[in-house]
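Quick notes on the structure that follows.
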Amino acid sequence: MDVELERVEGAAAFIRERAPGPREVGIILGTGLGGLAERIDADAVIPYGEIPHFPVSTVPSHRGRLILGSLGGKRVAALQGRFHHYEGYDLREVVRPVRILAALGAKRLAVTCATGGLNLTFNTGDLMLIKDHINLPQLSPLRGENLEEWGPRFPDLKTPYSPRLMELARDSAKEIGVEVREGVYVWVTGPQIETLAETLMLRNMGADAVGMSTVPEVTAACQLGMEILGVAVITNVHYPDDHRPITIEEVVSQGERAAAILVELIERTVEKI
Ligand code: HPA
């Protein structure tokens, strides 16, 4: 058996033993957004370090636990803490947890992330449904030998984000009474924050928000045939004349502030799936 497939299957088997039964929805919680975990009625909480072959999160704002339980009446598996290219992982490791979620039965994936706003009509604290993305570094987690188990060698990414799930999220936003934005996410590897010239380029390119995650995971999930919902929190906005440095503390605290609404949005949307 392929080594990566063995790792994914091995991790999934371990998780199934701790919390039996298939999962319907996978959830990835981004920077400062771990609070959703508290809303999950958990059967098991497993620190990543205990799961064989699971990468270990090095980012302090990411706790590194897998939460198995129910949310909105659905059986979910939530990753509290994700892995980024900038931490030094190769992209195969970055997407391993997504493949593990799929191996646990999840056919749907809700991805959340912190982002910097490029669209100047956005405000700090806004939520943005991701309608499309730009893989700016043109790096792929699908590089290397392709396994049939994971899907086609050349998956089509014309509609990575499910219009159906976006519609459900719009309905949920209306119920809660919050306005959600919609836009294009552009992936940069980071960890440095963009220069003013770069933010101008990214905006001109057609991106509404910039972040350091999500695209690799969505690429792998798309290849797996998962139905995907992406929700970004705008933790800061890149105004052209604003030279104030953006700090990770600001990103985390804005993420935490928006988390309550995000939690409500995800929970209601998961309920409708
Ligand atoms: N740039 C890149 N990633 C981010 C930002 C940003 O401004 N804010 C939150 N994640």
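The values are calculated or read from the model by the stated rules, or taken from the named source; none is laboratory data. For clarity, every value in this text was computed on a predicted model and none was experimentally measured. As a convention, Cβ positions derive from the backbone with ideal geometry for all residues, glycine included, and neighbour counts pool all protein chains shown. Areas reflect the complete protein model, heavy atoms only, side chains present, ligands, DNA and RNA absent. Shrake-Rupley method; radii C 1.70, N 1.55, O 1.52, S 1.80 Å.
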What fraction of the DSSP beta bridges in the chain is antiparallel, stated in percent and rounded to the nearest 5?
40
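Given an 8 Å cut-off on Cα distances and at least 6 residues of separation, report the relative contact order of the chain as a percent.
Relative contact order of the chain: 27 percent.
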Which ³J(HN,Hα) values, rounded to whole Hz and listed in residue order, are derived for the stretch 184-196 from phi using the Karplus coefficients 6.51, -1.76 and 1.60 in 6.51 cos²θ - 1.76 cosθ + 1.60 with θ = phi - 60°, glycine and proline given as x?
9, 9, 10, 8, 10, 7, x, x, 5, 7, 4, 6, 4
For the stretch 118-273, percent of DSSP beta bridges that are antiparallel (nearest 5) comes out at 20
On the full set of protein chains, 1.4 Å probe, figure out the accessible area of ASP242 and give it in Å² to the nearest 10.
50
Describe numerically, in nm with one decimal, the distance between label points set 7 Å from Cα along Cα→Cβ at ASN146 and at ARG18.
3.3
What's the extension gain from THR159 to LYS272 if we count 0.36 nm per residue and subtract their Cα-Cα distance?
38.6 nm
What is the angle, in °, between the Cα long axis of helix 248-272 and the longest principal axis of the Cα atoms in the chain? Nearest 10 is fine, range 0 to 90.
60
From the Cα centre of the stretch 124-173 to that of the stretch 208-268, the distance in Å is 14
Along the Cα→Cβ direction, 7 angstrom out, place labels at ASP242 and GLU182. What is the inter-label distance in nm?
2.5
For the chain, what is the accessible area per residue in Å² when the probe is 1.4 Å?
43
Determine the dipole magnitude for the chain: charges of +1 sit on the beta-carbon of Lys and Arg, -1 on that of Asp and Glu, nothing else is charged, the reference point is the Cα centre, and the result goes in debye to the nearest 20.
400
Taking the Cα centre of the stretch 1-105 as origin and charging only Cβ (+1 Lys, Arg; -1 Asp, Glu), how large is the dipole, in debye to the nearest 20?
280
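Determine, from the Cβ-Cβ distance of ALA44 and THR189 and an R0 of 45 Å, the FRET efficiency 1/(1 + (r/R0)^6), rounded to the nearest 0.05. Provide the component values of the computation, followed by the final result.
On the way: r = 33 Å, r/R0 = 0.74.
Here the calculated transfer efficiency is 0.85.
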Long-range amide H partners of ARG181 with built H, under 5 Å
LEU127, MET128, LEU129
Helix 91-103: angle to the longest alpha-carbon principal axis of the chain, degrees 0 to 90, nearest 10?
60
Computed from the beta carbon distance with a Förster radius of 41 Å, FRET efficiency for SER253 and ASP2 to the nearest 0.05 stands at 0.45
Can you tell me the orientation of helix 163-176 relative to the chain, as the angle in degrees between its alpha-carbon axis and the longest Cα principal axis, to the nearest 10?
70
